[in-house]
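Below are the structure tokens for one structure; questions will follow.
The values are calculated or read from the model by the stated rules, or taken from the named source; none is laboratory data. This one's a predicted model, so the numbers in the text were calculated from it and none came from an experiment. No Cβ is skipped: glycine too gets one built from the backbone with ideal geometry, and neighbour counts run over all protein chains shown. When the accessible area is computed, the model is the full protein with side chains, heavy atoms only, and any ligands, DNA or RNA have been set aside. Shrake-Rupley method; radii C 1.70, N 1.55, O 1.52, S 1.80 Å.
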Amino acid sequence: MASLNVGGPSVRFKNLLVVIKQTAYEEYSQLKLRGQAPKALRWKRLEQRYRSHHQCVTDLLALLRKHHVVQFSCVNRVDLDRQHLSGVDLIVAIGGDGTVLSSAHFVDHGTIPLLGINSDPNKSGEDTQVKKKKSDERRSHGALCMFTASDMEEGLQKVLYGGGNLQKRTRLRCKVKSTFSETQLVPALNDLLIANPSPAAVSRYRMGWMNLRDQDAYSPEEEHEHERLYGTVTRFGGQSYDVSDSLNVWSSGMWVCTATGSPAAVAAAGGKPMPNLQDDSLQYLIREHMRERGTPNNDFPDNALMENGKKLHIRWNSQMGRIFVDGSHLTHQLELGDEIMIDNKAPPLQLYTREWEESLWMA
């Protein structure tokens, strides 16, 4: 067991916010009190996972109390708000990847480092009791977590005193322009899914690339010719853009991901894991694209990388739509005619990661 250096002037972080996951056991227990819990729940298994998580939280708080110069406060993941970040110099998300993603959404400017702890990792002894697999998919993978409950003491010691593997991770910036408003969504660390709310419905949209234009460069006649050559002209944030190489799409929606999110849902959907998780490039994937026979796809392949600085434009042509930000918890409603701009210009996130993380994903 690692010896603790409790206090002293070398402590890097002195004001921590601990964001704690609310487990499925706790959520279903509340439903049970109201008589709304599903009958098929396996309460013993849920309780076992709750106890593992609760023990990890208890151990973490005990470790922090040993560092007398470190102040900390705790908040449940579902209650987290920007007001909790005032004066905080490190966020500790204890739970799994979902807790890390939820916490990252509140770090708009990327100035506060984020440390994830997987409180309920896979344990081979438990897994073999329930099924013959190497891992339990019901538990968090912990890809965004620096360490688990088993090596938390040593890892926490390293981070508090200036060590650890701190990386800057690219995030997605997404703006949605409706008839009377323009909304910037929270930065996405993993991915965006843009689709019809019904998985059985077709998502209709037009996609293209945005290029900043010089508004004073054209006469009225040249302006008309310019629009004929380059297609739609749109505005975001008071700036005008040409939208070129447009393509009308009928599909099941679209994924757009960062390098961090590329080995997750996008890879499972047929995309490509990006070997450098600190890459500035983005990746898009058109889901189940319904192309007409003979239609070339050279200009817009169904899956491709977006180079640094490239801006994707989407005009939503379905009656209803939804943008899912890093999973299902955070969404934004779309209506017919809404325009979306996506690029990599969101402030990057400072994330503590495992040294061997990339080799794990690429294995």
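So, of the residues in segment 231-290 that are closer than 28 Å to Val202 by Cβ, of a type in the set (Ser, Thr, Tyr) and assigned to a loop (DSSP other than H, G, I, E, B), which turns out to be least open to solvent (accessible area, probe 1.4 Å)?
Among them, the one singled out is Thr258.
Determine whether segment 321-341 contains at least one residue that is crowded, with 16+ Cβ neighbours inside 10 Å and basic (Lys, Arg).
yes
Then there's this: Report, by residue number, each residue of segment 171-213 that is closer than 18 Å to Leu330 by Cα, open to solvent by 10 Å² or more (accessible area, probe 1.4 Å) and of a type in the set (A, V, I, L, M, F, W, C).
If the condition is that a residue be closer than 18 Å to Leu330 by Cα, open to solvent by 10 Å² or more (accessible area, probe 1.4 Å) and of a type in the set (A, V, I, L, M, F, W, C), then Leu185, Val186, Leu193 are the ones that fit.
Let me ask something additional. Tell me, yes or no, whether segment 72-79 has at least one residue that is surrounded by 23 or more Cβ atoms within 10 Å (Cβ to Cβ) and touching a Ser or Thr at 6+ places or on another chain (Cβ under 6 Å).
Within segment 72-79, not a single residue is surrounded by 23 or more Cβ atoms within 10 Å (Cβ to Cβ) and touching a Ser or Thr at 6+ places or on another chain (Cβ under 6 Å).
What number of residues in segment 32-47 are open to solvent by less than 80 Å² (accessible area, probe 1.4 Å) and either in contact with a Pro (Cβ under 8 Å, 6 or more places away or on another chain) or over 30 Å from Phe106 (Cα atoms) (or both)?
6
Test each condition in (1) open to solvent by 40 Å² or more (accessible area, probe 1.4 Å); (2) within 25 Å of Leu351 (Cβ to Cβ); (3) not in a strand (DSSP E or B) for Arg65 and report the one that comes out false.
(2)
Would you say Ser86 is loosely packed, with under 12 Cβ neighbours inside 10 Å and within 30 Å of Gln157 (Cβ to Cβ)? Step through it out loud before you land on a result.
Working: loosely packed, with under 12 Cβ neighbours inside 10 Å: yes; within 30 Å of Gln157 (Cβ to Cβ): yes.
Yes; evaluated as a whole, the condition is true for this residue.
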